[in-house]
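The values are calculated or read from the model by the stated rules, or taken from the named source; none is laboratory data. Since the model is a prediction, treat every value here as computed from it, not as a measurement. Note that we place each Cβ from the backbone using ideal geometry, even for glycine, and neighbour counts take in every protein chain shown. Please note that ligands, DNA and RNA were not included when accessible areas were found on the heavy atoms of the full protein model with its side chains. Shrake-Rupley method; radii C 1.70, N 1.55, O 1.52, S 1.80 Å.
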Amino acid sequence: MTASIVRLRFEPRLEMSRWLNVATPLIGVVLALVVGGVVLRFAGAPDPLETYAAVFEQAFGTPVDWVAGGRALLTGTPCEKGLLCFAQFSDTLVKATPILLAGLGVALAFRMRLWNIGAEGQLFMGAWMATGVALFWLPRDTPQPVMLLAMAVAGMVGGALWGAIPGLLRAVMNVNEIITTLMLNYIAFQWLTFWVVAGPWSQGGFQITPPFPRSAWLPRLTDYAKEVPSFAGLTAHLGIVLGLIAAIILWIVLSRSRWGYEIRVIGDNPNAARYAGMSLVRNIVIVMMLSGALAGLAGMAEVAGVVHALQDRFSPGYGFTAIIVAWLAKLHPLAVIPVSILFGGLLVGTKQIQPAGIASMLQGVILFTIIGTDMLARYRLRIERASQREA
């Protein structure tokens, strides 16, 4: 007598359709919102849909605000009294700026299968280097363009050096970069704590440095309110422009240059790349340094555009959020832009929502569902029936 046994087995898809590749992250986000809604319901939220609507309105404004803002821009007049116009979206862009820059760095490393989990530490080191330029290494009366350029270069150097350490260890000694980048985050945290918390750069024992000179402030939209009255009160700064430029440059490099082709080949098949004469050691180090440099630029943009000083733990986890953003964007530099804005809006929109921690919860759920749906997109579930003879 025989009995039928059912076995479940995952097998890789030979070819993944384009529509499935696009739909996977969208399905992941929808599932995350459903799961998040269930969690909110159990946490005491009266209606998850109303909570999500409030988050969206807090982050991006209402249609009335956008119409009023557009009218103000076209007529060159201030926004109508009682309306916020682009104020909410401006705050979202502020939060999206460091996520965008760090997300580009993470996406670059991930594209070559280098798992850079250390964007947060690289961001901290970039902020530390930029602070040194603003407060101690250049005169306070340095012209603003020179000061900001020097801070940007210093921030990128700080992040690049912090990324070079795991890059060299991986390239020369084949040390797992996940471990080294993750551990370097904590070293960067403690390094910043030493300098800022009752350390050489602390202001009177407080956990913050003295304020930057005005020449070290990234220009904000509100600074141009005299020329464009509708910009009054808008906090978005030049850092978002740096992020957009970096995304376009990175997209061109990855898709149109020979070096970008090498990165893609090494990421897809290191053995084939080695056989073709491509230097894995050189490319690993360079990619990790550039990845760190973009995260370091994110740190510079945050301290120069928002805080105007360096304080302990000034980042709420932008470097870790960048990992989710890069994965959700499918490692495409241009797709990182809208995804970063989405997560910036999530941070802004959940500030006033109770219970606290909704943003972190949704980020974790989104990452979990994206990884799950991506696996189902890459692998096919096959059901096999096998017969077994019974005694």
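Details
- Length-normalised contact order for the chain - Cα pairs under 8 Å, 6+ apart - percent: 36
- Placing dummy labels 7 Å off each Cα toward the beta-carbon, the span from Phe194 to Arg382 is 5.5 nm.
- Prolate/oblate/rounded call for the stretch 121-205, Cα gyration tensor, a/c under 1.5 rounded: oblate
- Protection proxy ranking, peptides 124-131, 160-167, 209-216, average beta carbon neighbours within 10 Å, highest first: 124-131, 160-167, 209-216
- Net length gained if the chain between Asp47 and Arg214 were fully extended (0.36 nm per residue, minus Cα distance): 55.6 nm
- Evaluated on the chain, the Kirkwood hydrodynamic radius is 22.8 Å, with distances taken between all distinct Cα atoms.
- 1.4 Å probe accessible area per residue over the stretch 195-279, in Å²: 56
- Expected-Rg normalisation [2.2 N^0.38 Å, Cα atoms] applied to the stretch 197-309: 1.54
- 1.4 Å probe accessible area per residue over the stretch 88-178, in Å²: 34
- Spin-label model distance (nm) - Ala276 vs Trp259, 7 Å beyond Cα toward Cβ: 1.7
- Just the protein heavy atoms count here, and of the accessible area of the stretch 143-208 at 1.4 Å, carbon and sulfur take up 76 percent.
- Normalised by residue count, the stretch 23-149 yields a Cα convex hull volume of 235 Å³ per residue.
- Among 168-180, 337-349, the order from most to least packed when residues are scored by Cβ within 10 Å on average: 337-349, 168-180
- Extension gain (nm, one decimal) between Ile187 and Lys351, 0.36 nm per residue minus Cα-Cα: 56.1 nm
- Note on the stretch 299-342 and the stretch 190-215: Cα centroid distance 22 Å, given to the nearest whole angstrom.
- Given their separation in residues at 0.36 nm each and the Cα-Cα distance between them, Met375 and Gln203 gain 56.9 nm when the chain is fully extended.
- Rounded to 0.05, the FRET efficiency of the Ile248 and Ser360 pair, given R0 = 22 Å and the Cβ-Cβ distance, is 0.10.
- Sorting the segments 114-122, 99-107, 64-72 by their mean number of nearby beta carbons within 10 angstrom, highest to lowest, gives 99-107, 114-122, 64-72.
- To the nearest 10, the accessible area of Tyr186 is 120 Å² with a 1.4 Å probe.
- Here the stretch 234-313 exposes an accessible surface that is 65 percent carbon and sulfur, computed with a 1.4 Å probe and the other protein chains kept in place.
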